[in-house]
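Here the structure is laid out as C-alpha cells; the discussion comes afterwards.
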Amino acid sequence: MLKKNQVYSAVIEGYSSEGLGIARIDGQVVFVHNAVRGEQCDVLILKVLKNTAFGKVASLMEPSPHRVEPDCPYYARCGGCDFRHMDYEEELWAKRRRVQDALTRLGGSDVTVEEILGAAEPLRYRNKSQYPIAPDGAVGFYRARTHQVTDVTHCLIQKPQADAAAEAVRQYIRRFGVSCYDEGTGSGLLRHLYVRTNAAGESLICLLVNGGKLPHEAELVDIIQKHVPKAVGVVLGVNTRLGNTILGEEYRTLWGADTITDTLCGLTFRLSVPSFYQVNRDQAERLYEKAVEFAGLTGQETVLDLYCGAGTITQVMARHAKEVIGAEIVPEAIADAEENARRNGIDNVRFFCGDASAVAADFAEKNLRPDVICVDPPRKGLAPEVVAAAASMEPKRIVYVSCDPATLGRDVKRFAEFGYFAHRAVAVDLFPRTAHVESVVLMSRA
C-alpha cells in the first residue's frame, strides 16, 4: 500500500480523462499532476484511496521531449487549463487516445478514430466566457476541484473583450462596494459574469445576479462601455437559486441589445444568453462539416436534429437535405433558431420546443421515419429512452456529436443493443489546452 508524503520512482504511461499522467506504482494506479507520457520521475504521493492514489512530480530523471514551460502565470493555481505543460502535438495524441479508449472500452466497439482535427489557433479562441465572482470580489476561474476563485486578469483562451469586461466588473465592485455571492450562505448579489463575443469582435455581456437588480446600474453600463467599446448590449440575469448554477431564470436588458449575431458555415445566427452555441467558431465549422459528411446527405433525406440549440447544425444540414426537424428544450433557443432560419432564408426546417426524450418518443409514436438522426447532447449524454426512441424510428444513419467521450462510449453500447453500430469516428479539438474534446461518430445497422 502506498503511503502519503512518500516519494516513489515511476514511469508515466498515459493520461486520465482529466489530463493527469497515469503511473503504476507497486501495482496501484497513480494519477500524477503535470506529468507527460514517457517521463521517468520521482512522484510525491499526495492522497491515497482504496484503489488509486494521486501525486505530483517531485523530480524528473528523464523529461519528455514534449514537455514545455507553461506560458500562463495562473496555470499552477487556475483550473481552467490542463495541458499547458506539454506541446500541442502531445495534447492531440492524448485526446485522440481518450476518444478511442472510450469507444473501445466503454462502447465495446471496434471502430477506429480516424483522426483528430487540431486547431490552427489554440489561443484566445473562446467566444463565450463565464467568470465566477468570489465573495471578496475576485473575478476569474475556479481552482481545480474547488470553488475557490483565482482572480485572472489575462486568460490565454478567452477573448480580450472578455478580459476587459472582467476588469470593468472589478472596478464596479470596488467603486460601489457591491456585495458578491457566497455559495455557503446564499447571500450577496453578483454571481457570474457572462461574455459572448462574435467574429466581428462585438460582445454581449450579462451579469448573473442573486436578486432582481443591482445598485448603480447606469454607472455599471458606463464602466462596461468604456472597457468594451464594441459591446452591443448589457443584460442582467436573475438567478436566486442556491448552489453554483450559472444562467438565470429571467433576463432584463440594462442597455442595448439582448442578442448578438455571428456567422458560422456561411450562415448568420442570432444568439441570446441562454442559447447553446459552440465556443470555438473555427473548429465548430470543421465539426459540423464532419457531421454533414457522416450524414451522407444527397438532398432527398429527412433529418431529425435533437438538442438543436439555436439551430446551427439544423441549418447547416438543411442545405444538403430535403427537410430538417430540430428539437430543443430551451424556449429562448428555439426562438433564436426560428429567427435564424428566417434570417438565412432557409425554409426547409421546422423546430419543436421540448425535452429530447419526449420529442423523440412523440415522433416515434407518430411513425415519423427520418432518414438521418443527429444528436448533439450535453455532457450527460442521452437518456436511455432517447436511444430507444431514436432506434425505433429506424433511421438509415445516426450521427452522434459528443462533448464527453465517456457518455459517448456508454451510448454507443446502448445503440448496439438496438442493432446500430459505430462505423466511423473522428475527434475534433474545440477546447485547446483543456482536457475537453469533441467527437463525431456515424452509426448504422450492421
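The values are calculated or read from the model by the stated rules, or taken from the named source; none is laboratory data. Because the structure is predicted, anything quoted here is derived from the model rather than measured. Positions of Cβ are backbone-derived with ideal geometry, glycine not excepted, and every protein chain shown enters the neighbour counts.
Yes or no: THR407 in a loop (DSSP other than H, G, I, E, B), among the polar types (S, T, N, Q) and more than 28 Å from GLN300 (Cβ to Cβ)? Show your work before the answer.
Numbers: in a loop (DSSP other than H, G, I, E, B): no; among the polar types (S, T, N, Q): yes; more than 28 Å from GLN300 (Cβ to Cβ): yes.
Spelling it out, it is not the case that THR407 is in a loop (DSSP other than H, G, I, E, B), among the polar types (S, T, N, Q) and more than 28 Å from GLN300 (Cβ to Cβ).
Which one of GLY201, GLY212 is under 23 Å from PRO122 (Cα atoms) and exposed (fewer than 13 other Cβ atoms within 10 Å of the Cβ)? Write out each step before concluding.
Details: GLY212 fails: under 23 Å from PRO122 (Cα atoms).
Step by step, each of GLY201, GLY212 is checked, and only GLY201 is under 23 Å from PRO122 (Cα atoms) and exposed (fewer than 13 other Cβ atoms within 10 Å of the Cβ).
Which pairs turn up if I take residues in the range 265-283 that are among the aliphatic types (A, V, I, L, M) and look for partners that are part of a loop (DSSP other than H, G, I, E, B) and surrounded by 20 or more Cβ atoms within 10 Å (Cβ to Cβ) with beta carbon separation below 9 Å, at least 6 apart in sequence or on another chain?
From residues that are among the aliphatic types (A, V, I, L, M), the pairs are LEU271/ASN198; LEU271/TYR277; LEU271/ALA310; VAL273/GLY248; VAL279/TYR125; VAL279/ASN127; VAL279/LEU430; VAL279/PHE431.
So which of ASP136, ASP87 ends up being surrounded by fewer than 18 Cβ atoms within 10 Å (Cβ to Cβ), free of Cβ contacts under 8 Å to residues at least 24 places away in the same chain and at negative phi? Quick ask: steps written out before the conclusion?
Working: ASP136 fails: free of Cβ contacts under 8 Å to residues at least 24 places away in the same chain.
Step by step, each of ASP136, ASP87 is checked, and only ASP87 is surrounded by fewer than 18 Cβ atoms within 10 Å (Cβ to Cβ), free of Cβ contacts under 8 Å to residues at least 24 places away in the same chain and at negative phi.
Mind telling me which of the residues ILE346, ILE334 ends up being assigned to a loop (DSSP other than H, G, I, E, B) and among the hydrophobic types (A, V, I, L, M, F, W, C)?
ILE346
Within the bounds of the range 250-258, is there any residue that is among the aliphatic types (A, V, I, L, M) and farther than 30 Å from PRO432 by Cα? Don't jump to the end; show me each part of the working.
At the first step, the residues of the range 250-258 found to be among the aliphatic types (A, V, I, L, M) are 254, 257.
The next check asks that each one be farther than 30 Å from PRO432 by Cα; those that pass are 254, 257.
The answer is yes, given that some residue of the range 250-258 is among the aliphatic types (A, V, I, L, M) and farther than 30 Å from PRO432 by Cα.
Residue check, ALA257 against (1) farther than 24 Å from ALA389 by Cα; (2) of a type in the set (Gly, Ala, Ser); (3) buried (at least 19 other Cβ atoms within 10 Å of the Cβ), all met but one. Which one?
(3)
Give the range 301-331 a look and list any residue that's part of a helix (DSSP H, G or I) and touching a residue at least 24 places away in the same chain (Cβ under 8 Å), or say none.
THR312, ILE313, THR314, GLN315, VAL316, MET317, ALA318
Taking the stated definitions as given, is ASP404 surrounded by fewer than 22 Cβ atoms within 10 Å (Cβ to Cβ) and in contact (Cβ under 8 Å) with a residue 40 or more places away in the chain? Break it down into steps so the answer makes sense when it comes.
Values: surrounded by fewer than 22 Cβ atoms within 10 Å (Cβ to Cβ): yes; in contact (Cβ under 8 Å) with a residue 40 or more places away in the chain: no.
It is false that ASP404 is surrounded by fewer than 22 Cβ atoms within 10 Å (Cβ to Cβ) and in contact (Cβ under 8 Å) with a residue 40 or more places away in the chain.
When you scan the range 91-108, do you find a residue that is assigned by TED's automatic domain parsing to the domain that holds THR407, assigned to a loop (DSSP other than H, G, I, E, B) and closer than 30 Å to ARG424 by Cα, even just one?
Within the range 91-108, one or more residues are assigned by TED's automatic domain parsing to the domain that holds THR407, assigned to a loop (DSSP other than H, G, I, E, B) and closer than 30 Å to ARG424 by Cα.
Is it the case that the range 226-235 has a residue that's closer than 18 Å to ILE133 by Cα, at pLDDT 95 or above, of a type in the set (A, V, I, L, M) and assigned by TED's automatic domain parsing to the domain that holds PRO135?
Within the range 226-235 (the criterion being closer than 18 Å to ILE133 by Cα, at pLDDT 95 or above, of a type in the set (A, V, I, L, M) and assigned by TED's automatic domain parsing to the domain that holds PRO135), the answer is yes, since at least one residue qualifies.
Go through (1) at pLDDT below 95; (2) touching a helix residue (DSSP H, G or I) at 6+ places or on another chain (Cβ under 9 Å) for GLU250 and report which single condition fails.
Against the list (1) at pLDDT below 95; (2) touching a helix residue (DSSP H, G or I) at 6+ places or on another chain (Cβ under 9 Å), GLU250 comes up short only on (2).
For the range 246-297, which strands (runs of 3 or more DSSP E) that fit wholly inside it have 3 or more residues that are of a type in the set (Ser, Thr, Tyr)?
Details: elements: 250-256, 259-264, 267-272.
The strands (runs of 3 or more DSSP E) meeting that bar are 259-264.
Can you pull out the residues in the range 170-184 that are at pLDDT 95 or above and surrounded by fewer than 13 Cβ atoms within 10 Å (Cβ to Cβ)?
ARG174, ARG175, GLY177
If the Cβ limit is 9 Å and pairs must be 6+ apart or interchain, which residue in the range 45-60 that is touching a residue at least 24 places away in the same chain (Cβ under 8 Å) pairs with which residue that is of a type in the set (Asp, Glu) and outside any strand (DSSP E or B)?
VAL57/GLU39
So if I check each of ALA35, ALA53, ALA23, ALA10, which one is outside any strand (DSSP E or B), on the phi < 0 side of the Ramachandran plot and among the aliphatic types (A, V, I, L, M)? First the steps, then the outcome.
On the way: ALA53 fails: outside any strand (DSSP E or B); ALA23 fails: outside any strand (DSSP E or B); ALA10 fails: outside any strand (DSSP E or B).
None of the other options fit; the residue is ALA35.
Is it true that PHE415 is more than 30 Å from LYS95 (Cβ to Cβ) and either touching a helix residue (DSSP H, G or I) at 6+ places or on another chain (Cβ under 8 Å) or not in a strand (DSSP E or B) (or both)? Explain how you work it out, then say what you get.
Values: more than 30 Å from LYS95 (Cβ to Cβ): no; either touching a helix residue (DSSP H, G or I) at 6+ places or on another chain (Cβ under 8 Å) or not in a strand (DSSP E or B) (or both): yes.
Against the criterion (more than 30 Å from LYS95 (Cβ to Cβ) and either touching a helix residue (DSSP H, G or I) at 6+ places or on another chain (Cβ under 8 Å) or not in a strand (DSSP E or B) (or both)), PHE415 does not qualify.
Given the structure, is TYR15 under 23 Å from THR434 (Cα atoms), crowded, with 21+ Cβ neighbours inside 10 Å, under 21 Å from the mean Cα position of the chain (by Cα) and touching a residue at least 40 places away in the same chain (Cβ under 8 Å)?
Working: under 23 Å from THR434 (Cα atoms): yes; crowded, with 21+ Cβ neighbours inside 10 Å: yes; under 21 Å from the mean Cα position of the chain (by Cα): yes; touching a residue at least 40 places away in the same chain (Cβ under 8 Å): yes.
The answer is yes for TYR15.
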